[in-house]
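Structure record follows, encoded as structure tokens.
Only the coordinates and a few stated rules stand behind these numbers; no lab work does. Everything quoted here is computed from the prediction, not taken from an experiment. As a convention, Cβ positions derive from the backbone with ideal geometry for all residues, glycine included, and neighbour counts pool all protein chains shown.
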Amino acid sequence: MLRRSPTLLLTVALTACAGEEPPVIDVACDGGPCATPPDADLTDAPVTPSFDVPRSSASPTDLVAITLDPVDPTLDVTPGTPSTQAFRVTGRQRDGRSRDVTLYRRFTLDNTALGALHPDTGVFTSAGIGGVGRVRVALVDGSTLTAETTLTVRARATALAGVSEAERASLDMMRSTGAAAEVPALDYPLARAVLPQNVYPPLVQWTPRHMARPADVYRVRLSRPHVVIESYVRANTTGFTHSWRPSPEAWRALAQSDLTAPITLTVAVLSNGTLRESEARVFRTVDAVIAGSVYYWSPSASRLRRIDVDLARRVDFLPSPGDRCIGCHSVSRDGRRLAGFLEGTGEALALYDLTRDLTGTPAAVEARLPAPVRRCTSFNADGTRLVSGDCGANPSSMAFSILNGATGAAVAAMGSPGNGFDPEWSPDGQLIAYTNRSDALTLTPALGGDRFGAARVIHTPAMADATMRVDWHPTWTPDSRWMALQRGENRRTAMGRGSLWMIAREGGALVRLNNANNGATGEDSFRPQFSPFNSGGYFWLLFTTARPYGNAPAGVRMQKQIWVTAINNRPTTGGDPSEVPYYLDGQETATALSPYWTPAPCRPNGNGCGTGADCCSGECEPDSAGRSVCVTPRAMCVARGGRCGGDSDCCTGLACTNALCDLPPPQ
């Protein structure tokens, strides 16, 4: 529904000729001396536009002011349903008449997230996102006439399941009068959690605390200043589990609107004539876009699984890896190569090309290296080298090995890359971080040309503290300036107590990630792994925890699961840079371990391809030599959050980072 405010005349005077004081009204300067038109009105009284005056044959330069109509409109939209608002420009001539201005005009909108404003026609088409923007029109005939107004877009989405519209309206008119101890308990999302704006719609979950009845009606409401999405559902609806997942269209409207304001969640229940409503819980989405895939180990299946993050889709991409079990693994930073350790009939390290179809029996392998090559690995910055060492649970007496990242062939190194457990190569390729044989955090410089410098311990755990005696599994921020690690009792995931900490590349004091750890005393957070994304002012860190996810019927209990926490990308010394985490949708309800987050396994521009599906850009065409290669899309540029094969694919102001168009991260 469109609401129009009282008419407001927006007047802009023409600039006075050079060398004269600006007059109250326009003056005529048609190639001669500046002079006041003889028919000019010298009073300050406003001129009210008259839309019934016949259009004059005067040229655009006969105009002294323009106005926009409607003034400060509010457009109510439903996500997923096209909605438009037309703006009309009226000009006031020197003779006092008003007329439509259909030529020589250009419309702009400062908040393009709201939708598209046609630059010529002035028709705004909503994207379903709520918020406020400034509409501006300017004449492009050489004059300086402009006018502005405010456009407000409000979005609302309502879903009904077993509830009539009349019942919904009746419930909304009631006040909560139930006892505080009987209001629904909110289980997920967590209070103060931070999520990226393009995250898959979360499953809202709660637990009833009143005497539940089959005829109970629940209202779940998520709101921001310009968006409300809600669901009304009867408890006896098939499959009801005291949970609700918003539709992708409704969630997008909420997640991408009013990004500086929190999201407020409430759950109310109408039971036996009494309304009970939960306390409000706030969490937020931020102006970050992340995508790609998470590869993790499924102990119940004895193999690896992949989650395509944007769709929360679990993929059995490697059903027959070449032996009965594949567990310990790593993925190159471009998402194209995987190293995994095979067990069953023997032990071997296998290398796979993730841009190939790996669903064959057995899967195509690029290389297979028998023991004694160790199982815990990490690729260097460009995937050409692989450091191989012991895992925390599988110690030996051997130092790290360097392998060719494509063939697995041993590489003769000058100096030792290190000796210990779980090596992690920094994204800039300059350092290898690991846990040494004394369980201390250690760095080895990578000097280029397969040369390595002297190892340096940057933190030694206090052996007197039994709960913090191991610094394990360091992982690098995308800018290589910081590391996160697990501190605890063991070099294992969820064996004993563990918590997440951070430390600067240069060393110094460790910082405990209390928000990620479920508080200052939480000790159920393990094996951190940074994603490659630096977006929205945050790094995004994966970790494993057995803490409850959601409620009993819809969530997961007593299983090790993967969560994600946002880490401030400009951490300050001593302060906790972490945020309250969110659950990674798409994983199985059984234990999920050892996650690696990478860009989509696609080929950048200039690489050979078979079809467009091979390419990050989505376009595969012959080059001048007739060879099919990935190329920049011929159509429009790629918007923020879209896949890309190079910077040239992205719209102005964006860069292609990790196969995703995004705002360039701070330097």
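Tabulated values for the structure
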{"read-out": "Principal semi-axes in Å for segment 375-598 [√(5λ), Cα gyration tensor, largest first]", "value": "28, 19, 18"}
{"read-out": "Counting all C-alpha pairs of segment 162-286, share separated by more than 18 Å (%)", "value": "51"}
{"read-out": "Relative contact order computed over the chain (Cα-Cα under 8 Å; 6+ residues apart), in percent", "value": "8"}
{"read-out": "Summed side-chain charge close to residue 198 - residues other than residue 198 whose Cβ falls under 11 Å, Lys, Arg +1, Asp, Glu -1", "value": "-1"}
{"read-out": "Distance from segment 321-343 to segment 293-317 (C-alpha centre basis), Å", "value": "12"}
{"read-out": "For Kirkwood radius over Cα pairs in Å, calculated from these coordinates, the label among (i) 26.0; (ii) 39.3; (iii) 28.7", "value": "(iii)"}
{"read-out": "Mean Cβ count within 10 Å, highest first, over the residues of peptides 587-596, 514-523, 355-364", "value": "587-596, 514-523, 355-364"}
{"read-out": "Descending Cα extents along the principal axes, segment 80-143, whole Å", "value": "46, 20, 17"}
{"read-out": "Fraction in percent of alpha-carbon pairs per bin - 10 Å, segment 258-306", "value": "19, 21, 20, 27, 13, 0"}
{"read-out": "Environment charge of residue 80, counting only residues whose C-beta is closer than 11 Å and scoring Lys/Arg +1, Asp/Glu -1", "value": "0"}
{"read-out": "Ranked by how many other beta carbons lie within 10 Å on average, peptides 322-333, 530-541 from highest", "value": "530-541, 322-333"}
{"read-out": "Cut-off 11 Å between beta-carbons: net charge of the residues surrounding residue 312, Lys and Arg +1, Asp and Glu -1", "value": "0"}
{"read-out": "Segment 606-617 - phi-based ³J(HN,Hα) in whole Hz, Karplus 6.51/-1.76/1.60, Gly and Pro as x", "value": "x, 7, x, 8, x, 9, x, 5, 6, 9, 5, 7"}
{"read-out": "Extension gain, residue 173 back to residue 279 (0.36 nm per residue minus Cα-Cα distance, nm)", "value": "36.4 nm"}
{"read-out": "Length-normalised contact order for segment 285-422 - Cα pairs under 8 Å, 6+ apart - percent", "value": "15"}
{"read-out": "Rounded D (µm²/s) - segment 368-436, Kirkwood Rh over Cα pairs, Stokes-Einstein at 25 °C, 0.890 mPa s", "value": "206"}
